[in-house]
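J.: Here's a structure for you.
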Amino acid sequence: MLRKAEKGDLPAVFRLFEQVKGELFRQGIDQWDDRYPTEEDLRGDIEAGSLWLKEVQGEIYGAVVLNSYCDEEYEQGAWRETSGNFRVIHRLCVAPAYGGRGVGRQLLEESEQLVKSWGVRSVRLDVFSQNPPALHLYEKAGYWSTGTADWRKGRFYLMEKIL
């Protein structure tokens, strides 16, 4: 199960994100870099209580941010859940050593179960259009595109799933 990140987790979480950035780069996916996500971003997630972790025997191998924050570009989405009862997935990642084992799917499912236990009705996210593994993960999990947003790195698809 997921556990909430604590201040002491920051070094390990930052290492995880650095590993994932390196793997994305190796795959030719220009999504994350030295400008995002930063150690400050992750520190803020921990302080806000919105960073959740997967670990085995003390090794953190997955992370996800769950909150209700949306960039203003999210207003472009044709969202089905309009009451405001949603959470947004940000920065979902899995250690490269655990890739291809269904860990991303498990992390996503546990995130959905967690927010559903909070009474949340839908999950929103944005996914980089040039990240085929992430697109496949979300589409296979039942997320559908509600629009697009263009940020510094390019086009992102806005997606939603009703729980």
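The values are calculated or read from the model by the stated rules, or taken from the named source; none is laboratory data. Quick caveat, the model's predicted, so the values are computed rather than measured. Cβ: placed from backbone, ideal geometry, glycine included. Neighbour counts: every protein chain shown. These accessible areas exclude ligands, DNA and RNA; they are computed on the full protein's heavy atoms, side chains included. Shrake-Rupley method; radii C 1.70, N 1.55, O 1.52, S 1.80 Å.
J.: Spin-label point model (7 Å from Cα, Cβ direction): what's the GLU55 to LYS140 distance in nm?
T.: 2.8
J.: May I pose another question? Relative contact order (percent) for the chain, with alpha-carbon contacts under 8 angstrom and 6 or more residues of separation? Let's see the in-between values first.
T.: On the way: 250 pairs, mean separation 36.6, N = 163.
22 percent.
J.: First compute the accessible area of the chain with a 1.4 Å probe, then give the percent of it belonging to carbon and sulfur atoms.
T.: On the chain, the fraction of accessible area on carbon and sulfur atoms equals 46 percent.
J.: Go ahead and run the numbers for FRET between LYS7 and ALA78, Cβ-Cβ distance against an R0 of 30 Å, rounding to 0.05. Intermediate results must be reported in sequence, preceding the final value.
T.: On the way: r = 39 Å, r/R0 = 1.29.
That pair, LYS7 with ALA78, gives E of 0.20.
J.: Between GLU109 and TRP151, 0.36 nm times their residue separation minus their Cα-Cα distance comes to what? Please report the intermediate quantities before stating the final value.
T.: Details: separation 42, 0.36 × 42 = 15.12 nm, distance 2.69 nm.
Full-extension gain reported as 12.4 nm.
J.: Could you pull out every one of the lysines with an alpha carbon less than 25 Å from that of LYS54, ignoring same-chain neighbours closer than 8 positions?
T.: LYS4, LYS7, LYS21, LYS116, LYS140, LYS161
J.: To the nearest 500 deg cm²/dmol, what mean residue ellipticity at 222 nm is calculated for the chain from DSSP H runs of n ≥ 4 alone, each contributing -39,500 (n - 2.57), summed and divided by the residues? It would help to have the intermediate numbers written out before the result.
T.: Numbers: 4 runs with 51 residues, N = 163.
Rounded to the nearest 500, the figure is -10000 deg cm²/dmol.
J.: Classify segment 54-163 as rounded, prolate or oblate from the Cα gyration tensor: take a ≥ b ≥ c as the square roots of its eigenvalues, call it rounded if a/c is under 1.5, otherwise prolate when a/b beats b/c and oblate if not.
T.: Details: a/c = 1.93, a/b = 1.31, b/c = 1.48.
Oblate is the answer for segment 54-163, as a/c is 1.5 or above yet b/c matches or exceeds a/b.
J.: Can you tell me which of 107-117, 25-35 comes out highest on packing, and rank the rest after it, using the mean Cβ neighbours within 10 Å? Before the final figure, lay out each step's value.
T.: Details: 107-117: 17.4, 25-35: 13.1.
Result, highest mean first: 107-117, 25-35.
J.: Skip the ligands, DNA and RNA, and give the accessible area per residue of segment 1-41 with a 1.4 Å probe, whole Å².
T.: Per residue, segment 1-41 has 65 Å² of solvent-accessible surface.
J.: Taking K and R as +1 and D and E as -1, what net charge do the other residues with C-beta under 12 Å from the C-beta of TYR98 add up to?
T.: Values: positive: LYS54, ARG101, ARG105; negative: GLU23, GLU55, GLU59.
Taking every other residue near TYR98 into account, the sum is 0.
J.: Under a plain spin-label model, where a point goes 7 Å from the Cα along Cα-to-Cβ, how far apart in nm are ARG101 and LYS116?
T.: Each label point is offset 7 Å from its Cα along the Cβ direction, giving 2.5 nm.
J.: For segment 1-106, give the magnitude of the charge dipole about the Cα centre (Cβ charges: +1 Lys/Arg, -1 Asp/Glu; no others), in debye to the nearest 20.
T.: Details: 14 positive and 19 negative charges, 122 e Å.
Dipole of segment 1-106, to the nearest 20 debye: 580 debye.
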